[in-house]
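The values are calculated or read from the model by the stated rules, or taken from the named source; none is laboratory data. Note that the coordinates shown come from a computational prediction; the quantities given were computed from them, not determined experimentally. Methodologically, a virtual Cβ is constructed for each residue, glycine included, from the backbone with ideal geometry; neighbour enumeration extends over all protein chains shown. Surface areas here come from the heavy atoms of the whole protein model, side chains and all, with no ligands, DNA or RNA. Shrake-Rupley method; radii C 1.70, N 1.55, O 1.52, S 1.80 Å.
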Amino acid sequence: MEAKDIRELSGEELLKKEKDLKAELFNLRFRLATGQLDNPMMINRTKKDMARVKTIIREREIKAEKQAKAQ
C-alpha cells in the first residue's frame, strides 16, 4: 500500500487499518514460528504499511494541533 492511498482514508478508516495490520502482523509472526509462512517478506511489508499508517495519523494530529493554536 502506498502513502498516497493511505492519505485518502478518513481518520476512522486509518485507525481500523492500523488495527487490522496489527492483527495481520501477529498472525504472520505466529505462522512464521510454526513454519507455515511461505513468504517471510510479508512481515516486512506489513510492518512498513503499519509505519506508513501511523505516520499519517501523527501528521494529522500535528496539523490539528497547529490549527488549534492558530485560533
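For the reader, a short list of remarks on this structure follows.
- Here Ala68 passes the criteria (1) in a helix (DSSP H, G or I); (2) surrounded by 12 or more Cβ atoms within 10 Å (Cβ to Cβ) except the one numbered (2).
- Residue among Lys4, Lys47, Lys54 that alone is in contact with a Leu (Cβ under 8 Å, 6 or more places away or on another chain), of a type in the set (Lys, Arg) and open to solvent by 90 Å² or more (accessible area, probe 1.4 Å): Lys47
- Of everything in the range 50-71 that is over 20 Å from Glu18 (Cα atoms) and not charged (D, E, K, R), the residue that is modelled with the lowest pLDDT is Gln71.
- Failed condition for Gly35, given (1) part of a helix (DSSP H, G or I); (2) surrounded by fewer than 11 Cβ atoms within 10 Å (Cβ to Cβ): (1)
- Meets criteria (under 11 Å from the mean Cα position of the chain (by Cα) and either part of a helix (DSSP H, G or I) or not β-branched (Val, Ile, Thr) (or both)) for Leu21: yes
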